[in-house]
Amino acid sequence: MAEQATLFENGLIVDGSGGSSWTGDLLVADGRILRLGEGLRGRLPDGLAPDEVQAVDCRGLAVAPGFIDCHTHDDAIVLRTPEYLAKLSQGITTVVTGNCGISLAPYATAEARPPLTLLGADSFRHPSMAAYRDAVNTARPALNVAALVGHTTLRFATMDDLSRAASPAERAAMGALLDAAMADGALGLSSGLFYEEAFAAPAEEVTALARIVARHGGVYATHLRSEMATILEAMHEAGDCAFEAGVPLVLSHHKCAGPTQWGRTRETLPLVDRLAERQDVAMDVYPYVAGSTVLREDLVDGVIDVMLTWSAPHPELGGRMLSEIAAGWGVDQKAAARRLMPGGACYFQMHEDDVERVIAHPRSMIGSDGLPHDRHPHPRLWGAFPRVFARYWRGRGLFTLEQAVHKMTGMTARNFRLAGRGLLRAGHAADLVLFDPARIADTATYEQPVSPSVGVAAVYVNGRCAYREGAAQVLAREGRMLARGA
Ligand code: ZN
């Protein structure tokens, strides 16, 4: 019967639900989980002979659903570098693209402008989600891809002037593009109202689009209009928008940014809990005190540390601190930033206590927010998921192993409507990660950000082994475009 059957024996089964783990076996055939239990070798299904089954000894290892990175800007990198070791080596088997209002599809242009350039300037050639889906499936990446549709991308695709609200005709055009993308399997809508190119959009513009998402059963994820002084107002705006439209809400990379805002997760997290009493709401978070985005003068305040991640006019300065560059040039940091644009930076804008509170919150999921095109990227690109185990589970004991895995798998699949993934269940896709709970850790740092994690023993995507610890290259490319499920 089965073409390829694999029996994972004597592993610590952490099934993604957040429930207790147990020691046992998992049988996989034809890319799917066939059954879970103890002593499965002695009771294989009819028609499956023991010599047809490849056994994998999992003693000392946790066996978990492959991690789902729900906050990525991986739209173009999965086409350009389908091996994508940065993510696979963390145990990630699915990436959710199109976050922060910025998606590769549906939009075709020869010359993309910021902030779309976060995805690489020359990659915008997919006028529909169907075209992007076909491109992903042709590229055959090592991990699965599921896509949000970016509000800012829709504005670029339909408007000539982004410094204003969309007209009724432009709203209709955005709605038609979104409706078609949802019909093609997109997970939902994302917005990045913080960015200048979307900031002029009133709440009604987004709510109208979110209503289309609601009709398709999708989700709305938002990079809030502000993560600084007016964050509570921005959260109310997002909450009302999703509530009125009738869609589940995800607050992207939740944080309180800037020293004047430190400690305010004591206000924002209770607001999340209050919103949750009337609507479906979740958050994603990355486990670092530095954020990273394009180089922006308004984020350079002379107080927080800023590290350059790339610069078009000065590529040789990637990885250097802005304060040093400014001192060397004899100018202030804002002036130095202007000379370095267009570029990107890490902003050390959060307090560790806030990061811990968000990560520990029962409604937070892990998302890397890694920027794969940066010359000297934020270390979250290579290390976010293992770091949660090393620093916040083993180091700080903020939650159990099972809860940590749940924040990366079952909770994420449910919130992003990824059916048949995120849990170890018979019939689910065999996306698996085998890791050593005592050893799993990130090695990527701000100084040396390109560095694979340790303790991730093996990663399986759709039933095939795609990665083994220490392997310099991926072993299989079995990923595919995933459509929104129930
Ligand atoms: Zn964002």
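Within the range 1-23, take every residue that is touching a helix residue (DSSP H, G or I) at 6+ places or on another chain (Cβ under 8 Å) and more than 21 Å from Lys407 (Cβ to Cβ) and give me the one that is surrounded by the fewest Cβ atoms within 10 Å (Cβ to Cβ).
The extreme case among them is Ala2.
Can you tell me which residue among Ser252, Ser311 is among the hydroxyl-bearing types (Ser, Thr, Tyr) and either under 19 Å from the mean Cα position of the chain (by Cα) or on the phi > 0 side of the Ramachandran plot (or both)?
The conditions single out Ser252.
Kindly indicate which of Leu322, Leu317, Leu308, Leu251 is within 19 Å of Thr222 (Cα to Cα) and either touching a strand residue (DSSP E or B) at 6+ places or on another chain (Cβ under 6 Å) or surrounded by fewer than 22 Cβ atoms within 10 Å (Cβ to Cβ) (or both).
Just one listed residue meets the conditions, Leu251.
Aromatic (Phe, Trp, Tyr), in contact with a helix residue (DSSP H, G or I) (Cβ under 8 Å, 6 or more places away or on another chain) and more than 16 Å from the ligand (Cβ to nearest atom), is that true of Tyr84?
Criteria met by Tyr84.
Would you mind telling me which numbered condition in (1) outside the structural domain of Thr97 (by TED's automatic domain parsing); (2) modelled with pLDDT of 95 or more; (3) among the polar types (S, T, N, Q) Gln473 fails?
(2) is the only condition that Gln473 fails.
If you take the residues in the range 397-437 that are touching a residue at least 60 places away in the same chain (Cβ under 8 Å), in a loop (DSSP other than H, G, I, E, B) and of a type in the set (Gly, Ala, Ser), which one is surrounded by the fewest Cβ atoms within 10 Å (Cβ to Cβ)?
It comes out as Gly427.
Can you tell me which residues in the range 87-110 are under 23 Å from Phe199 (Cα atoms) and part of a strand (DSSP E or B)?
Selection gives Thr97, Tyr107, Ala108.
Return the total of residues in the range 223-248 being among the polar types (S, T, N, Q) and within 16 Å of the ligand (Cβ to nearest atom).
1
Condition (residue is away from the ligand (no atom under 16 Å from the Cβ), in contact with a Leu (Cβ under 6 Å, 6 or more places away or on another chain) and among the aliphatic types (A, V, I, L, M)) applied to the range 112-124: is it met by at least one residue?
Checking the range 112-124: not a single residue is away from the ligand (no atom under 16 Å from the Cβ), in contact with a Leu (Cβ under 6 Å, 6 or more places away or on another chain) and among the aliphatic types (A, V, I, L, M).
From the list Val289, Val355, which residue is within 14 Å of Ala257 (Cα to Cα), at pLDDT 95 or above and in contact with a helix residue (DSSP H, G or I) (Cβ under 8 Å, 6 or more places away or on another chain)?
Matching residue, one of Val289, Val355: Val289.
Failed condition for Phe199, given (1) within 16 Å of the ligand (Cβ to nearest atom); (2) over 30 Å from Gly120 (Cβ atoms), with all others met?
(2)
Confirm whether His254 is touching a residue at least 40 places away in the same chain (Cβ under 8 Å) and within 16 Å of the ligand (Cβ to nearest atom).
Yes; evaluated as a whole, the condition is true for this residue.
Would it be correct to say that Arg468 is under 17 Å from the mean Cα position of the chain (by Cα), surrounded by fewer than 24 Cβ atoms within 10 Å (Cβ to Cβ) and not small (Gly, Ala, Ser)?
When the stated conditions are applied, Arg468 does not pass them.
Name, by its number, the condition in (1) under 26 Å from Arg414 (Cβ atoms); (2) within 16 Å of the ligand (Cβ to nearest atom) that does not hold for Asp273.
It is condition (2) that Asp273 fails.
Quick check, is Leu189 at pLDDT 95 or above, in contact with a strand residue (DSSP E or B) (Cβ under 8 Å, 6 or more places away or on another chain) and within 16 Å of the ligand (Cβ to nearest atom)?
yes
Within the range 93-109, does at least one residue satisfy the condition of being away from the ligand (no atom under 16 Å from the Cβ), under 30 Å from Arg468 (Cα atoms) and in contact with a Leu (Cβ under 7 Å, 6 or more places away or on another chain)?
Within the range 93-109, one or more residues are away from the ligand (no atom under 16 Å from the Cβ), under 30 Å from Arg468 (Cα atoms) and in contact with a Leu (Cβ under 7 Å, 6 or more places away or on another chain).
Can you list the strands (runs of 3 or more DSSP E) found entirely within the range 35-86 that contain at least 1 residues being surrounded by fewer than 23 Cβ atoms within 10 Å (Cβ to Cβ) and in contact with a strand residue (DSSP E or B) (Cβ under 6 Å, 6 or more places away or on another chain)?
By residue number, 53-57.
The values are calculated or read from the model by the stated rules, or taken from the named source; none is laboratory data. Here the structure is a predicted model, which means the values were calculated and not measured. FYI the Cβ positions are ideal-geometry reconstructions off the backbone, even for glycines, and counts take in every protein chain you see.
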